[in-house]
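Presented below is the structure to which this report refers.
Throughout, read-outs are computed from the coordinates displayed, never taken from laboratory work. Every value quoted in this text rests on a predicted model; they were computed, and no experiment measured them. Here Cβ is always computed from backbone atoms with ideal geometry, including for glycine, and neighbour counts include all displayed protein chains.
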Amino acid sequence: MRRSGVLVLALLPGIAMAGDWEPLEGDALRAALTARTLAYQGGAMQGFFADGRTLYETPEPSWGRWRVEGGQYCSQWPPSDLWACYGVERNGIDLRFIAGDGSVTQGRYIDLN
């Protein structure tokens, strides 16, 4: 997941009903990720820092950058200087990142379990 730069965390203004995925954009997306940690299938984890850094652990640590742009989560992983962007949706404590090709990566807040 590090290469695709997909990790996301969300504030829960209200818990969504099972099966109801809520699109996140702008301030809601930023709030969902800032100072949060997600766990992914296979044991990877990703933390999102308020200063725009992100740490992806698989278990090897990898530092990148993240931002919200055009209503999407965007990430950049050195040594590349290219940014990749994803749509993000939330359902309760689960977040999913949707790439331009339609592929989906799902994570769960581990700071809310």
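The table that follows gives values for the structure above.
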read-out	value
Karplus 3J(HN,Hα) series, Hz, for the stretch 43-59 with 6.51 cos²θ - 1.76 cosθ + 1.60 (x for Gly, Pro)	x, 5, 10, 9, x, 10, 9, 4, 7, x, 7, 9, 10, 10, 10, 9, x
Net charge of neighbours whose Cβ lies under 12 Å from the Cβ of ASP51, counting Lys and Arg as +1 and Asp and Glu as -1	+3
Convex hull projection area averaged over all views, the stretch 22-109, Cα basis, nm²	5.6
Net charge of Cβ neighbours under 10 Å - reference TRP21; Lys, Arg +1; Asp, Glu -1	-2
Counted charge near ILE110, where neighbours are those whose Cβ lies closer than 13 Å (Asp, Glu -1; Lys, Arg +1)	-1
Per DSSP, loop chymotrypsin sites (Phe, Trp or Tyr not before Pro) in the stretch 25-113 with at most 16 further Cβ within 10 Å	PHE49, TRP83
Rounded FRET efficiency, nearest 0.05, which uses the C-beta distance separating ASP51 from VAL104 and R0 of 22 Å	0.20
Normalised contact order of the stretch 22-109, rounded percent, pairs of Cα under 8 Å and 6 or more residues apart	25
